[in-house]
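As structure tokens, the structure follows; a few thoughts come after it.
The values are calculated or read from the model by the stated rules, or taken from the named source; none is laboratory data. All values reported here derive from a predicted model rather than from experimental measurement. Positions of Cβ are backbone-derived with ideal geometry, glycine not excepted, and every protein chain shown enters the neighbour counts. Side chains included, ligands, DNA and RNA excluded: accessible areas come from the protein's heavy atoms. Shrake-Rupley method; radii C 1.70, N 1.55, O 1.52, S 1.80 Å.
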Amino acid sequence: MIRVLVNGADGRMGSQVVKAVVADNELELVGGVSISHIGEDLGEIAGIGALGLAVRAGLGTAVDELKPDVVVDFTTPQAVYGNVKTCIAHGVDIVVGTTGLTEKQREELGEEAKRGDTSLFIAPNFSIGAVLLMKVSADIAAYFPDAEIIELHHNNKLDAPSGTAVMTADKIAAARRKAGAVPAPDRTRESLEGARGASVQAVPVHSVRLPGYVAHQEVLFGGYGEILTVRHDSLDRKSFMPGVILAVKKVSSRKGLTFGLENYL
Ligand code: NAP
């Protein structure tokens with residue numbers, strides 16, 4: 001049995017992780033940490049009935065006392081860097097779903113994890129469909145170098161652009177370089193700043209934030225007299241759980257940083 005602690009356990013993603021861990025017979029939920037709901041039952045919050053495990057404050061203390069094998073972090077872009085450092089300092093492996101870490105921070109934390117003989121897994125997107133969307137986007141970019149990304153999320157998402165959009169743009173840019181495929185010049189001059197979106201490695205990214213959306217992304221490729229569009233929709237946060245559970249089971253197999261769910265597929 002792999003002992004799992006959920007950080008951000010009362011959040012939208014954290015409570016789904018609580019349910020998914022409880023439902024898996026190779027995993028044991030040993031506790032959850034958050035900022036609010038301290039003392040309340042983790043199962044009651046997740047809507048699956050009492051589990052006899054209270055939400056706790058303080059990640060470091062909880063790790064020391066509950067001795068998990070793996071911590072799963074779905075907290076906030078502001079908190080995640082410190083949370084990873086705490087896990088490495090306490091010698092526990094960590095699976096990170098929280099977005100917002102920069103490449104520099106990821107690499108730095110990866111080096112620290114390696115020195116501490118711990119495993120750090122980070123995925124901007126745990127949905128298998130979204131991982132496939134990124135993969136086919138890179139394949140297409142070799143033939144259609146002109147690409148733009150539209151990502152659409154609920155209005156409570158704290159960061160923009162999404163980690164998935166940045167990772168997709170990185171993969172498109174790498175595929176273009178490898179194929180020697182050069183995008184057509186963009187001759188538009190913005191009459192209103194931001195109208196052309198953010199540029200990630202010269203791929204325009206447009207972020208939509210509206211109530212009703214969960215997590216969606218479209219990648220538009222323009223060609224000569226043809227348009228190719230690929231789209232993925234996460235309609236429910238359940239869509240991320242097979243990927244999270246896979247990562248929890250695989251994380252300890254490689255010390256240091258592993259970035260992206262495709263490494264486990
Ligand atoms: P959420 O509902 O706001 O949940 C975040 C939870 O973390 C809240 O319960 C919050 O507690 C708690 N928290 C905040 N700071 C904390 C800390 N220092 N220690 C422990 N708990 C802390 O957000 P969400 O929708 O679940 O999303 C969480 C993160 O996952 C976001 O970065 C989001 O972009 C990302 N995400 C990733 C994927 C993926 O596939 N990788 C998918 C969906 C979402 P309080 O409410 O009490 O402050």
_Shape call, the stretch 128-234: gyration tensor on alpha carbons, a/c limit 1.5_ = oblate
*Please give the length that would be gained between K255 and E28 if that part of the chain were fully extended, namely 0.36 nm times their separation in residues minus their C-alpha to C-alpha distance (nm, one decimal).*
79.5 nm
*Skip the ligands, DNA and RNA, and give the accessible area per residue of the stretch 1-150 with a 1.4 Å probe, whole Å².*
42 Å²
*List the chymotrypsin sites (Phe, Trp or Tyr not before Pro) in the stretch 42-147 that DSSP assigns to loop (not H, G, I, E or B) and whose Cβ has at most 14 other Cβ atoms within 10 Å. Which are they?*
Y143
_Share of carbon and sulfur in the accessible heavy-atom surface of the stretch 128-234 [1.4 Å probe, %]_ = 56 percent
*Enumerate the calculated ³J(HN,Hα) couplings along the stretch 191-207 in order (Karplus 6.51 cos²θ - 1.76 cosθ + 1.60, θ = phi - 60°), each rounded to whole Hz, writing x wherever the residue is Gly or Pro.*
8, 9, 4, x, 4, 8, x, 8, 9, 10, 6, 6, 10, x, 10, 10, 9
_DSSP bridge orientation in the chain - percent antiparallel, rounded to nearest 5_ = 40 percent
*Average projected area of the Cα convex hull of the chain, in nm²?*
15.0 nm²
*asked:* In Å, what Kirkwood hydrodynamic radius results for the stretch 1-130 from the alpha-carbon pair distances?
replied: 14.6 Å
*Determine the order of R12, R115 by accessible area, beginning with the largest, at a probe radius of 1.4 Å.*
R115, R12
*Check the chain and count each lysine pair with an alpha-carbon distance under 18 angstrom, considering only pairs eight or more places apart or from different chains.*
15
*asked:* Quick check: the angle from helix 128-141's long axis to the longest principal axis of the chain, C-alpha only, nearest 10 degrees?
replied: 30 degrees
*So what's the angle, to the nearest 10 degrees on a 0 to 90 scale, between helix 12-23 and the longest Cα principal axis of the chain?*
60 degrees
